[in-house]
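So the structure is just underneath, and the comments pick up after that.
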Amino acid sequence: MLPWKRMLRPLAALLLTATVVIVPTATATATAATEAAAPTSGWNNYSCKPSTAHPRPVVLVHGTFANSVDNWLGLAPYLVNRGYCVYSLDYGQLPGVPLFNGLGPIDKSAEQLQVFVDKVLAATGSTKADLVGHSQGGMMPRYYLKFLGGAAKVNALVGIAPDNHGTTLSGLTNLLPYFPGAEDLLSTATPALADQIAGSAFLTKLNAGGDTVAGVHYTVIATKYDEVVTPYRSQFLTGSDVHNVLLQDLCAVDLSEHAAIGLLDRIAFHEVANALDPAHATETTCLSVLG
């Protein structure tokens, strides 16, 4: 084996490990600091009744390693302040792993979403909900829509940096075959990570026969600086009722990457609001950060 290839293997292992370890550490910091504020944050209020202006509840679906609180500290209040009934769930829990969710098999996570949407619809008296998800949370609902009857209960799906066709992690996932047993370990320890690799059996099933299902409005909001879901254009969907948005086409100086676009980017939030209420959509520009 060439010397550079011998060096590449431990480097790739280090970077893959960093992806798994650093993200939860950052998430833990945000969660520990903010969990106490969640009850007064204005969302997950089951007495909320959708208004005539916003007749459908909004269900927020967090990403990998995140949870129903930390992923939505920016977007949930943004939508509540605009008159929406907003709800978020935890899904994809692994035994003995607190706070960090979205790690279990994605098809099983979609079943949890199915139960949660039914709960929200029953509480609000609505016939349909709108879904907004970040990363895995923007892709996983597509399984619910396609295989679990969700299309009859969902009006729109808005994906923020969703890994609709998987990720290569800038090519790192292509190096997994160099590590004997690595793929099996990933599938066993964190099934959702294995499911999200481009070309996985899960994604092959999800995308077979087309990206979308009839009756649901799809919006994808991506950033060209995404370092997690790569290549970023793999996030986009193809279908007759799809609106694909690149953040930098709206504001060229927006530097948000994978985490920031879902956590704090008000330009992205403005596009979410437009997708939820297209009849009253307004132009999204760099000045949307002031809205």
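The values are calculated or read from the model by the stated rules, or taken from the named source; none is laboratory data. Note that the structure is predicted; figures quoted are calculated from it, not measured. Cβ placement follows ideal geometry from the backbone for every residue including glycine, while neighbour counts extend to all protein chains displayed. The accessibility values were calculated without ligands, DNA or RNA, using every heavy atom of the protein model including side chains. Shrake-Rupley method; radii C 1.70, N 1.55, O 1.52, S 1.80 Å.
A few notes on this one:
- Considered as a group, the residues in the stretch 77-101 that are small (Gly, Ala, Ser) and within 14 Å of the chain's Cα centre (by Cα) include one that is surrounded by the fewest Cβ atoms within 10 Å (Cβ to Cβ), and that residue is Ser88.
- Pairs, first at positive phi in the stretch 60-76, second open to solvent by 10 Å² or more (accessible area, probe 1.4 Å) and not in a loop (DSSP other than H, G, I, E, B), C-beta under 7 Å, six or more apart: Phe65/Val23; Phe65/Pro24; Phe65/Thr27
- Number of positions in the stretch 227-242 that are part of a loop (DSSP other than H, G, I, E, B), free of Cβ contacts under 8 Å to residues at least 60 places away in the same chain and open to solvent by 60 Å² or more (accessible area, probe 1.4 Å): 4
- Count of residues meeting criterion [outside any helix (DSSP H, G or I), touching a residue at least 40 places away in the same chain (Cβ under 8 Å) and farther than 27 Å from Ile267 by Cβ] in the stretch 185-217: 4
- Within the stretch 246-291, considering residues that are assigned to a helix (DSSP H, G or I) and charged (D, E, K, R), the one surrounded by the most Cβ atoms within 10 Å (Cβ to Cβ): Glu271
- Summed over the stretch 124-158, residues that are closer than 19 Å to Gln196 by Cβ, charged (D, E, K, R) and in contact with a strand residue (DSSP E or B) (Cβ under 9 Å, 6 or more places away or on another chain) total 1.
- Matching residues, the stretch 106-116, being in contact (Cβ under 8 Å) with a residue 12 or more places away in the chain and either in a strand (DSSP E or B) or not small (Gly, Ala, Ser) (or both): Ile106, Asp107, Lys108, Glu111, Gln112, Leu113, Gln114, Phe116
- Picking from residues in the stretch 117-167 that are over 19 Å from Gly63 (Cα atoms) and part of a loop (DSSP other than H, G, I, E, B), the one that is least open to solvent (accessible area, probe 1.4 Å) is Ser126.
- Val220 passes every criterion in (1) assigned to a helix (DSSP H, G or I); (2) among the aliphatic types (A, V, I, L, M); (3) within 19 Å of Trp72 (Cα to Cα) apart from (1).
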